[in-house]
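The values are calculated or read from the model by the stated rules, or taken from the named source; none is laboratory data. Computed from a predicted model, the values in this text were never measured in an experiment. All Cβ positions, even for glycine, are placed from backbone atoms using ideal geometry, and neighbour counts span all protein chains on display. Ligands, DNA and RNA are excluded from the accessible area calculation, which covers all protein heavy atoms including side chains. Shrake-Rupley method; radii C 1.70, N 1.55, O 1.52, S 1.80 Å.
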Amino acid sequence: MIPFIDLKAQYQGIEAEILDAVSKTLSSTQFVLGKEVSAFEEEFADYCGAKFAVGVNSGTSALHLALLAAGVKAGDEVITVSCTFVATVAAIDYIGARPVFVDVDPDSLNMDWTRVESVITDRTKAILPVHLHGQPADLAPLADIAARHGLKLIEDAAQAHGAEYHGRRVGSIGDLGCFSFYPGKNLGAYGEGGMVVTNSADYAHTVRTLRDWGQAAKYHHTLKGFNYRMEGIQGAILRVKLRHLEAWTEARRHNAKIYSRELEGAGVQLPQESPDVRHVYHVYAVRTPERDRLHAALQAKDIQTGIHYPIPVHLQKAYSEFGYGRGDLPVTERVSGELLSLPMYPELREDQIKSVAVAVRETMSSHG
Ligand SMILES: Cc1ncc(COP(=O)(O)O)c(C=O)c1O
């Protein structure tokens, strides 16, 4: 069996370091926030090349607070994509703001910036691109549009720890950047976690206040806040894992190269790296109109795959109130039926990748 991800393999390599960090945190009794979280914030800000980082309890909370800090209010519009995990859109909806969807570029699967200006209205407050699968969205033209129209640029970097755009780490390029540390992410906690990074002291202060009940000082609530604090144990675990992240990322990139070499001419479309980016391959997804047949064939051979994502957010029942329907975002809709994510994690071995590639090739060369 080849699993889609293998968190056990990773844990085995770092078990002693993790147990030591957890044990020290338990002894300190700093279960919520505390010095491990503060140290992780500093180290993660540094890793991203940002001045500030504020730890929260999930990537969704990070997005929610980043939008609030950027001044998004009920009734405002936020331009985003539908080709994403639902959390991107949920965070906009939490505020009572309205997601305005633009289609994605068919090569990168990221926000097609050429479509953004035509949907800007008096109510638009922010642009929220997603670095899908670990590949940076084209941020330079988006930053330019944001600057010309007085909008905030917020990056959903939940899948893209360490990804680089024109030599700079994502998350630190827009006004605010949001990360998830959900266990399966490239940098994953052993529970939930998230982070907002920014170069603005004001935004960092606001997010810091909002995550802890809007308190300026204990029991002095200057803002209507939330219980979105990061746990001490997660901070300690993430500090250990951050030290390994570069090696893991290089292993992912190496694995992606092997896949792309082994799948050349196999009858599926391979992920395309945009120019001048560092893709961190949270997901390695191939594309074929015969996705469902390929999915079933790999499953029959004990190869686990994933579909990210089968129904675009604008076609989800829960978000029907925003008035989008089939045909509104043709690229997003087409790729949702074509994408298949192959097993991808740092510890994946070359022989496993070759077995997956052989299985893909065999399936695509046989008739359905
Ligand atoms: C693109 C994207 N945005 C936001 C999130 C939300 O992160 P979390 O699950 O930590 O709330 C995720 C992952 O789950 C994601 O993939």
Filter pass, Gly167 being of a type in the set (Gly, Ala, Ser) and within 23 Å of Lys241 (Cβ to Cβ): no
Test result for Gly191, over 12 Å from the mean Cα position of the chain (by Cα) and within 16 Å of the ligand (Cβ to nearest atom): yes
Qualifying residue in the range 166-175 (condition: over 15 Å from Phe52 (Cα atoms), within 16 Å of the ligand (Cβ to nearest atom) and surrounded by 20 or more Cβ atoms within 10 Å (Cβ to Cβ)): no
Residue among Val100, Val37 that alone is farther than 24 Å from Gly167 by Cα and assigned to a strand (DSSP E or B): Val100
Filtered residues of the range 40-75 (kept if more than 22 Å from Phe226 (Cα to Cα) and among the aliphatic types (A, V, I, L, M)): Ala45, Ala50
Some residue of the range 83-96 being of a type in the set (D, E, K, R) and either at pLDDT below 95 or more than 16 Å from the ligand (Cβ to nearest atom) (or both): no
Residue check, Val54 open to solvent by 30 Å² or more (accessible area, probe 1.4 Å) and at pLDDT 95 or above: no
In the range 73-86, the residues that are surrounded by fewer than 24 Cβ atoms within 10 Å (Cβ to Cβ) and aliphatic (A, V, I, L, M): Ala74, Val86
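Each row is one residue, and each column tells you yes or no for (1) of a type in the set (A, V, I, L, M, F, W, C); (2) within 21 Å of the chain's Cα centre (by Cα); (3) at pLDDT below 95.
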residue: Thr222; (1), (2), (3): no, no, no
residue: Asn227; (1), (2), (3): no, no, no
residue: Met230; (1), (2), (3): yes, yes, no
residue: Gln234; (1), (2), (3): no, yes, no
residue: Leu242; (1), (2), (3): yes, yes, no
residue: Glu246; (1), (2), (3): no, yes, no
residue: Thr249; (1), (2), (3): no, yes, no
residue: His254; (1), (2), (3): no, yes, no
Search result, residues across the range 59-69 that are within 16 Å of the ligand (Cβ to nearest atom) and surrounded by 24 or more Cβ atoms within 10 Å (Cβ to Cβ): Gly59, Ser61, Ala62, Leu63, His64, Leu65, Ala66, Leu67
Selection count, the range 87-104, where residues are of a type in the set (Gly, Ala, Ser), more than 20 Å from Thr209 (Cα to Cα) and open to solvent by less than 20 Å² (accessible area, probe 1.4 Å): 3
Those residues of the range 162-186 which are out of contact with any Ser or Thr (no Cβ under 9 Å at 6 or more places or on another chain) and under 14 Å from His133 (Cα atoms), in sequence order: Glu164, Val170, Phe179, Gly184, Lys185
Selection count where residues are within 13 Å of the ligand (Cβ to nearest atom) and of a type in the set (Val, Ile, Thr), scope the range 194-209: 1
Any hit, the range 129-146, residues being within 28 Å of Trp248 (Cβ to Cβ), more than 13 Å from the ligand (Cβ to nearest atom) and assigned to a strand (DSSP E or B): no
Residue in the range 295-317 that is assigned to a strand (DSSP E or B) and open to solvent by less than 30 Å² (accessible area, probe 1.4 Å) present: yes
Looking only at the range 147-165, and only at residues there that are out of contact with any Gly (no Cβ under 6 Å at 6 or more places or on another chain) and assigned to a strand (DSSP E or B), the one that is nearest to the ligand (Cβ to nearest atom): Asp156
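Rundown of residues vs (1) surrounded by fewer than 24 Cβ atoms within 10 Å (Cβ to Cβ); (2) touching a helix residue (DSSP H, G or I) at 6+ places or on another chain (Cβ under 9 Å); (3) in contact (Cβ under 8 Å) with a residue 40 or more places away in the chain; (4) aromatic (Phe, Trp, Tyr), yes/no style:
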residue	(1), (2), (3), (4)
Trp113	yes, yes, no, yes
Leu128	no, yes, yes, no
Glu164	yes, no, yes, no
Ser180	no, yes, yes, no
Residues satisfying the stated conditions in the range 193-208, i.e. assigned to a loop (DSSP other than H, G, I, E, B) and more than 15 Å from His64 (Cα to Cα): Asn199, Ser200
Residue in the range 167-176 that is farther than 23 Å from Gly59 by Cα and in a loop (DSSP other than H, G, I, E, B) present: yes
